[in-house]
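The values are calculated or read from the model by the stated rules, or taken from the named source; none is laboratory data. Here the structure is a predicted model, which is why all the values come from computation and not from measurement. Every residue, glycine among them, receives a Cβ derived from its backbone with ideal geometry; neighbour counts consider all protein chains shown. Each accessible area value is taken on the protein alone, full model and side chains, heavy atoms only, with ligands, DNA and RNA left out. Shrake-Rupley method; radii C 1.70, N 1.55, O 1.52, S 1.80 Å.
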Amino acid sequence: MSVFSESALEKKLSELSNSQQSVQTLSLWLIHHRKHSKTIVKVWYNELKKEIAKELRQTSKGTKLKVSRKLTFLYLANDVIQNSKRKGPEFTHDFAPVIVDAFKHVSSEGEESCKKHLSRVLSIWQERAVYENDVLDKLTEVLQVEKKAKKRPYEEIKVNDDDFASQSSPGEPPQTAELIRALQELENAASSDAVLRQRISALPPEVQDTSLLHKVTDKESGERLSRLVEEACMLLADYSGRLAAEIDDRRQLTRTLAVFLQRQKDGLAQNEQKLEEYKRKLARVSLVRKELRSRLSSLPDLSRLPSVMGGHVRLPSSGDLYSPSD
C-alpha cells in the first residue's frame, strides 16, 4: 500500500464516497497504517468539521444534499474502530476523546434521519461493547436514545436457545419476506465471486514474494512492478473488505434466524397446546353425539302418529278408554 502522509490521507478522505467498497477500502488502508493512529484521528476529525461547515453553507443556499458525507466519515470511523480491535487498541483509544464531540457536531446539524443512522451505529457499539459504559453513556445523552444494556463482544456471543429464553424483551421477529431477501443477497456475496477469486489467484508471484525482488534490475521494471503491487493491494483490500462485510452479514443473519426459529418454536408449542385442547373438545362433542344417537333410537317417533285436531297429536283421555255402563 502507498506510503502514509497527512496529505495522502486528506486526499483519500476527499475522495471517500458513501459506498461500502469505498469505506472499507480506506478503512483497510488506515488499519494498515495504524502506527499513525493519532495523526489519522486528528486529520479525520479536522476533515469532518470541514465537511460539516461545507454542508451548512450548501444547505443555507438551498442546495439539497443527496448523501451527507459527514455520516460517511462516521461510517469510516465505525469500520476502523471495529475491524482494528483484533490487531490492537490504537484506534479505539485514539478515537475515544473526539468521538463524542463528533457525534455532537453531526447530530446537532443533522436531520432526524441523520440521528437515526447515528443511533444505529451507537446500538452496534453498545451491543458489541466497543467502548466502556462511560463513553456509551455520553453518546446516548447526545442522541437522547434509550440506553441499552452492555452485552458481551459480538464475536463472543453464541447463539443458542438459552440466550433467547433469558431475554426479557426479545426483538421483533423478522418478516418472512425480509428473511428471504437477506438469504438471496448472500447468493451474490464476496465468497461467491468466482471471477474475482480467479483474478486474485492469477496475480503474478513477484507481487506476493519479497524474495523475487532481486529480479528488479532497473527503474522501469521496478515502476512496472510497483504498479502491479499497488493494483494487487487495492484488489485484495477490496475483496478483504467485502469478505469482512459478508462475515458481519452472516453473523447478523445467524442471529436473525435464531430469533425467527425461536418464534417458530414458540408458535409450534402454542399450536400443539391448542391442538390438544381442541382434540379434547372434539372427544367431548363426539361422546355427546354418540349418547344422543343411542337415546334417539329408543324414543318413539311422534311424527308417525295419526294427525288430528289440526295436525296435533291428541293423547286418549280416560273417557275414550272406558265407556260408561248402561
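Laid out as a table, the results:
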quantity: K38 being modelled with pLDDT of 85 or more and open to solvent by 70 Å² or more (accessible area, probe 1.4 Å); calculated: yes
quantity: Breaking point among (1) within 14 Å of L74 (Cα to Cα); (2) open to solvent by 30 Å² or more (accessible area, probe 1.4 Å); (3) not polar (S, T, N, Q), for R57; calculated: (1)
quantity: Residue within segment 267-283 that is under 30 Å from E185 (Cβ atoms) and open to solvent by less than 80 Å² (accessible area, probe 1.4 Å) present; calculated: yes
quantity: Count - residues of segment 168-210 that are closer than 30 Å to R255 by Cβ, at pLDDT 80 or above and of a type in the set (D, E, K, R); calculated: 1
quantity: Hits in segment 191-236 - residues which are polar (S, T, N, Q), assigned to a loop (DSSP other than H, G, I, E, B) and loosely packed, with under 10 Cβ neighbours inside 10 Å; calculated: T217
quantity: Index of the failed condition, S317 passing every other in (1) open to solvent by 100 Å² or more (accessible area, probe 1.4 Å); (2) of a type in the set (S, T, Y); (3) at pLDDT below 80; calculated: (1)
quantity: Candidates A53, A77, filtered to the one that is more than 28 Å from the chain's Cα centre (by Cα), without any contact (Cβ under 8 Å) to a residue 40 or more places away in the chain and part of a helix (DSSP H, G or I); calculated: A53
